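Report on one structure; see the data block that follows.
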Amino acid sequence: MTRRLTTRLATLAATPRTKLTMTYEIATNDIIMIPLNKLIPSGLNARKITTSAVNNAELRASLLAFGVLENLIVYGAGKDKYAVAAGERRRASLKLLLKEKKIPASFAVPCIVRPEDEAVELSLAENIIRVAMHPVDQFAAFAALIDEGKTVEDVAARLAHHARHCHPPDEIGPRVARYH
């Protein structure tokens, strides 16, 4: 499922008399759709401590409103099963939606299949490189949706936020206008 491309960088002149050639590998990944009922948790997932119920409710609301926006990273785990190395929160949230009968067991989940020996590193990489959206950008995006004609309540419901979080506090409002 994974193709590795090896690309040679341009020759760099370290000094007029020497040349330095660098080689790097880029993993290209094919996204495949795997039914939810074929995905299982992995003990190799770096995230061990569960997130809050509020965060998980927000994720479920997002999954219902927009689908799976980021693929899961999985590895083969026996006949017709795949263990989730990165994206366990998404898998668990989908399982809750299945239990609530909001999606079918055959719900297709976008996944990248990688070798099991990369599971811990990929899980760690996915979880530590995240940066939360700046509040100014968040409020500007909420404002843009509301300006498009969506109601505050609709925006809040689709994103599992309280309506009061869709408006910037007075001290942030001027910054939203200045940066956007």
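Of note:
- Top-ranked residue in segment 145-156 [being free of Cβ contacts under 8 Å to residues at least 12 places away in the same chain and of a type outside the set (D, E, K, R); ranked as nearest to ALA65 (Cα to Cα)]: ALA156
- Verdict on PHE142 being crowded, with 17+ Cβ neighbours inside 10 Å, assigned by TED's automatic domain parsing to the domain that holds ALA46 and over 15 Å from ALA83 (Cβ atoms): no
Conditions tested, residue by residue: (1) under 17 Å from VAL109 (Cβ atoms); (2) at pLDDT below 90.
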residue	(1), (2)
ILE31	yes, no
LEU39	yes, no
THR51	no, yes
ALA65	yes, yes
LEU69	yes, no
TYR75	yes, no
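- Take the conditions (1) within 20 Å of ARG60 (Cα to Cα); (2) modelled with pLDDT of 85 or more; (3) surrounded by fewer than 16 Cβ atoms within 10 Å (Cβ to Cβ); MET133 misses just one of them, which is (2).
- Conditions (1) under 17 Å from LEU159 (Cα atoms); (2) aliphatic (A, V, I, L, M); (3) part of a loop (DSSP other than H, G, I, E, B): number failed by ALA143: (3)
The values are calculated or read from the model by the stated rules, or taken from the named source; none is laboratory data. Being a predicted model, the structure only gives us computed values, none of them experimental. Cβ coordinates were reconstructed from backbone atoms using ideal geometry, including for glycine residues, and neighbour counts include every protein chain displayed.
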